[in-house]
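Structure first, commentary second.
The values are calculated or read from the model by the stated rules, or taken from the named source; none is laboratory data. Predicted model, so just to flag it, every value in this text is computed and none were measured. Reconstructed Cβ throughout: ideal geometry from the backbone, glycine too, with neighbour counts over all protein chains shown. Heads up: the accessible areas ignore ligands, DNA and RNA and are worked out on the full protein's heavy atoms, side chains in. Shrake-Rupley method; radii C 1.70, N 1.55, O 1.52, S 1.80 Å.
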Amino acid sequence: MKHIKTLNKANLKKTAAKGGCGECQASCQSACKTSCTVANQKCEK
Amino acid sequence: MIHRYSLNGYNIVLDVHSGGIHIIDDITYEVLGLVSPPMSSICSQRILDALGNRYSNQQIIEAYSELYELFEQDLLFSKDDYEQFANQMVASPVKAMCLNIAHDCNLRCEYCFASTGDFGQGRRLMDFETGKAAVDFLLEHSKGRKNLEMDFFGGEPLMNFDVVKQIVEYARSKEKEYNKNFRFTITTNGLLLTEDKMDYINKQMSNVVLSLDGRKEINDKLRKRVDGTGCYDTIVLKYKQLVDKRGHDNYYVRGTFTKHNLDFSKDVQHLNELGFDQLSVEPVVGDPSKGFAISKNDLPRIFDEYENLAQQIIESKQQGKGFNFFHFMLDLDQGPCAIKRLRGCGCGNEYVAVTPDGDIYPCHQFVGMEEWKMGTVYEGKLDFAKKDRFSKAHVYEKEKCKDCWAKFYCSGGCNANNFPLANK
Ligand code: SF4
Ligand code: SF4
């Protein structure tokens, strides 16, 4: 493509099919904790 | 659904439901602004007319065709078919716990959500018996989950560090038998750090959060000791030592910004100049009547400041320095699965907080609100009606979240902050 560059694998849909195991870190998003914003977490799989 | 914006010379398109991120050129950006789904394979006359004074038909059609190609591949305006997964993880085991090991603190930060440490419940320390019961509770209620998290929180956890150590040792002694892997974290204001404590933390804790707001005058204005003196000079040295000993890995220096420092990018920069490279500085949450509170009118200024910060990070990366700013970190390929993203924190469902007396609350922010109490670690029971309610707090249940482009990045935000605002 000349006009468009896709930066990532865009695989969110695939992750839904296989995800939900619950092994990854709980992700408090509040300012008091800095445990996590969801999207910067690692998947454990 | 898509989200399209331009920043720092890039036109960026997020295709919300595939997670695709595309960089597009100017003409394509303009064409996309005129397109709505479902796309047809032929570029409409309306689009040609609208852009005809600046681009040739051939140019417009070429850009349109590339967009159409993405659409065909389900990478643009891709369908929202996630609601079917919303009930997965409803019956999750409890696998993460915040232990409020000390409802007491040696600082009197003005913006403290825990009423300067005691959560409005009187100053108290957790004893080992209660900590042990909490570990037992987690071992049992985590069922098949292997990775368990325990965060030592307060108040100030270093005020009760002997009990922290006892709890860590007890939990470790059970890992094999129960086939679990404990990950401990601690959040501290640093005042009581000693070399021994640093070594223990660095050995046992998978992450450590070190509170510091930035520039000395900013930090010391709100983060004060009981006698009113600021804590900056004492803690900076200790944090440096701890982080050096830790090999600069798995830690955060975290600050809070308030109305007093809406130019918080300077504080981030300052923390970096001190030698820290894992940084998090976040907006204060609290009583709107307080002088430090951020109001809606401050938002445009804050948005600009985040953009300034992004620019600073780019520049420092170009000079081969750079640092991580927590809220800018996104793993575009290997982030959490869509199911995890539907409900974020998991409070009251996968995650609970325990007070020094052993009472269980949905999370540390609910502590002290009697109506939210979910049980005690001694009884070993949990209020499943409450758990169920939290487990269903996902983005497809919240009208505004459902149709928001950021839903898979914010996951509906913080329940504790949302409840007071709900139905308003
Ligand atoms: S409700 Fe808010 S404070 Fe509580 S765990 Fe969730 S994000 Fe964190
Ligand atoms: S570990 Fe991965 S697959 Fe499992 S819930 Fe977390 S993000 Fe989803």
Here the averaged projected area of the range B:327-384, based on the convex hull of its alpha-carbon atoms and given in nm², is 5.6 nm²
Kindly give Rg over Rh for the range B:1-122, based on alpha-carbon atoms, with the Kirkwood expression for the hydrodynamic radius.
1.32
Pull up all non-local amide H partners of B:Asn11: gap of 5 or more, or a different chain, and H-to-H distance under 5 Å with H placed in the peptide plane.
B:Ile24
Give me the Å³ per residue figure for the convex hull around the C-alpha atoms of the range B:208-258.
77 Å³
Which whole number gives the average count of other chain Cβ atoms within 10 Å of the Cβ atoms across peptide B:124-136?
0
Isotropically averaged projected area of the range B:283-350, using the convex hull of Cα atoms (one quarter of hull area), nm²:
7.6 nm²
Carbon and sulfur %, accessible surface of the protein assembly as shown computed with the full protein complex present, 1.4 Å
50 percent
Just to confirm a number: summing +1 for Lys and Arg and -1 for Asp and Glu over residues other than B:Tyr55 whose beta-carbon lies under 13 angstrom from that of B:Tyr55, what do you get?
-4
Spelling it out for B:Tyr251: with amide H atoms placed in the peptide plane at 1.01 Å from N, the residues 5 or more places away or on another chain with amide H under 5 Å from its amide H are B:Val208
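If you wrap the range B:1-58's Cα atoms in a convex hull and average its projection over all directions, what's the area in nm²?
4.5 nm²
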Output row A,B: buried area (accessible, probe 1.4 Å, summed both chains) in Å², nearest hundred, equals 4800 Å²
Any chance you could check the range B:318-334 for residues losing 50 Å² or more of accessible area when the partner protein chains are in, compared with the chain on its own (1.4 Å probe)?
B:Phe326, B:Asp333
Residue-averaged beta-carbon neighbours from other chains (10 angstrom radius) around B:410-417
4
To the nearest 10 Å², what's B:Glu62's accessible area with a 1.4 Å probe?
70 Å²
How large is the helix-only mean residue ellipticity at 222 nm for chain B, computed as the sum of -39500 (n - 2.57) over DSSP H runs with n ≥ 4, divided by its residue count, in deg cm²/dmol to the nearest 500?
-10000 deg cm²/dmol
Using only Cα atoms, figure out Rg for the range B:168-249 and give it as a multiple of 2.2 N^0.38 Å.
1.32
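Around B:Leu299, what is the net charge, scoring Lys/Arg as +1 and Asp/Glu as -1 over all other residues with Cβ under 14 Å from its Cβ?
Taking every Cβ under 14 Å from that of B:Leu299, the sum is -1.
Determine the sum of side-chain charges near B:Val395: Lys and Arg each +1, Asp and Glu each -1, restricted to other residues whose C-beta is under 9 angstrom from that of B:Val395. All intermediate terms of the calculation are to be shown ahead of the outcome.
Values: positive: B:Arg341, B:Arg343, B:Lys398, B:Lys402, B:Lys407; negative: B:Glu397.
Neighbourhood net charge equals +4.
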Need the C-alpha centroid separation for the range B:28-67 versus the range B:172-192, integer Å.
57 Å
Does any residue of the range B:335-359 lose at least 40 Å² of accessible area with all protein chains in place compared with its chain alone, and if so which ones (probe 1.4 Å)?
B:Pro336, B:Cys337, B:Lys340, B:Cys345
Let me know the Rg and Dmax you get for the range B:137-282 when you use only its Cα atoms, in Å.
16.8, 51
Per-selection metrics, the range B:305-424 (Cα): Rg and Dmax in Å:
18.3, 57
About its Cα centre, what dipole magnitude does the protein assembly as shown give when the only charges are +1 on Lys and Arg Cβ and -1 on Asp and Glu Cβ, stated in debye to the nearest 20?
500 debye
Quick check: from the Cα gyration tensor, does the range B:197-347 come out rounded (a/c under 1.5), prolate or oblate?
rounded
Just to confirm, what accessible area per residue do you get for the range B:21-142 at 1.4 Å probe, in whole Å²?
44 Å²
With only Lys, Arg, Asp and Glu charged, each at its Cβ (+1 for the first two, -1 for the last two), find how big the charge dipole of chain B is about the Cα centre; round to the nearest 20 debye.
860 debye
Inverse of <1/r> over all distinct C-alpha pairs of the protein assembly as shown, i.e. the Kirkwood Rh in Å, gives 23.9 Å
Just to make sure I understand: if all protein chains stay in place, what is the order of B:Arg183, B:Arg54 by accessible area at 1.4 Å, largest first?
B:Arg54, B:Arg183
Selection from B:Val281, B:Ile47, B:Gln241 lying farthest towards where the dipole of chain B points positive, charges on Cβ
B:Gln241
Computed D for chain B, Stokes-Einstein, Kirkwood radius over alpha-carbon pairs, 37 °C, 0.692 mPa s, to the nearest µm² per second, is 137 µm²/s
Stokes-Einstein at 10 °C, 1.306 mPa s, Kirkwood radius from Cα pairs: D for the range B:134-209 in µm² s⁻¹?
123 µm²/s
